[in-house]
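A.B. asks: Would you mind keeping the following structure in view while I ask a few things?
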Amino acid sequence: MGTFQDLSDTKVGLKFVIGLSGNKRGKEKVPLWLVRCDCGREYETTTQQIKAYPRCGACRQNTFRTANGKNEKFCPSCDKWLDISVFTPNGTGKNRGVSTYCQKCDSIKGYEKKLRYSYGVKLSEREVLLAKQGNRCAICGCLEVGRRLCLDHDHKTGKVRGLLCNTCNHSLSKLEQVVDWDIRARNYLDFPMVSEATS
């Protein structure tokens, strides 16, 4: 069993933890907390449920609202009500709806999944590596602005080496895959196929 964490008088997501209710649940006698959601509902729940869900069950059922004449949807990842336009439409006909997460959170979650399954790296580990490189490409030094730097890895071992801009990542790929690519590239620059006389 893990160590006890006192959540009294803390805000977790949209819920305020008032304190222990004095009641317990199940055979393990798990202590229950008295919680007040932003919607005003008070209820008892476990530490695990507090951390897993940013809102109460009633609020989770109601993810759409109209506020100030605008249609809004709740994004459970950023814990905010956002304009419906920042959610990706999905489905057709009667089943037409929008994504669970806003486009920004959807993009981050998709990237997290790619890092985890393709490279075995967490987003937090990538952020540490990015900070270590000064938010710059490890080869040319360009800043990560607008477009994410690529996670470079050894294709034989799968081991991550660093973060590179798209251009350097493709160049490095050529360098690894084509024998003498760097020499050929330098020769091409020194002696182009089209001479000044024929252009």
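A.B. asks: If the viscosity is 1.567 mPa s and the temperature 4 °C, what translational diffusion coefficient in µm²/s does Stokes-Einstein give for the chain when Rh comes from Kirkwood over Cα pairs?
C.D. replies: Reported coefficient: 59 µm²/s.
A.B. asks: Considering only ASN169, CYS150, CYS78, whose Cα is most displaced toward the positive end of the charge dipole of the chain, charges sitting on Cβ of Lys, Arg (+1) and Asp, Glu (-1)?
C.D. replies: Towards the positive end, the residue furthest out is CYS78.
A.B. asks: For the stretch 10-58, just say rounded, prolate or oblate: build the C-alpha gyration tensor, square-root its eigenvalues into a ≥ b ≥ c, call rounded for a/c under 1.5, and beyond that prolate if a/b exceeds b/c, oblate if not.
C.D. replies: prolate
A.B. asks: Let me ask you something else. What does the charge dipole of the stretch 1-144 about its Cα centre add up to, to the nearest 20 debye, if the Cβ of each Lys and Arg holds +1 and the Cβ of each Asp and Glu holds -1?
C.D. replies: That gives the stretch 1-144 a dipole magnitude of about 400 debye.
A.B. asks: Now a separate question. Which of the listed residues, LEU130, THR45, CYS105, is farthest toward the dipole's positive end in the chain, when Lys, Arg count +1 and Asp, Glu count -1 at the beta-carbon?
C.D. replies: THR45
A.B. asks: To the nearest 20 Debye, how big is the dipole of the stretch 63-105 about its Cα centre, given +1 on the beta carbon of each Lys and Arg and -1 on that of each Asp and Glu?
C.D. replies: The dipole magnitude comes to about 120 debye.
A.B. asks: Given points 7 Å out from each Cα along the Cα-Cβ axis, report the ILE139 to TYR119 separation in nanometres with one decimal.
C.D. replies: For the pair ILE139/TYR119, the computed spacing is 1.5 nm.
A.B. asks: Quick one: pull the percentage of alpha-carbon pairs in the stretch 129-170 with a separation above 12 Å.
C.D. replies: Above the 12 Å cut-off, the stretch 129-170 has 54 percent of its Cα pairs.
A.B. asks: Among all stretches of the chain without exposed trypsin sites (Lys or Arg not before Pro) (DSSP loop, at most 16 other Cβ atoms within 10 Å), which one is longest?
C.D. replies: With trypsin sites (Lys or Arg not before Pro) excluded where exposed in loops, the chain gives 42-95 as its longest stretch.
A.B. asks: With a cut-off of at most 12 other beta carbons within 10 Å, and DSSP calling the residue loop, which chymotrypsin sites (Phe, Trp or Tyr not before Pro) in the stretch 1-34 qualify? Please list them.
C.D. replies: For chymotrypsin sites (Phe, Trp or Tyr not before Pro) across the stretch 1-34 that sit outside H, G, I, E and B with at most 12 neighbouring Cβ atoms in 10 Å, the list reads PHE4.
Here, each number is a calculation from the coordinates, and none is a lab measurement. Keep in mind it's a predicted model, so treat the numbers as computed, not measured. Cβ coordinates were reconstructed from backbone atoms using ideal geometry, including for glycine residues, and neighbour counts include every protein chain displayed.
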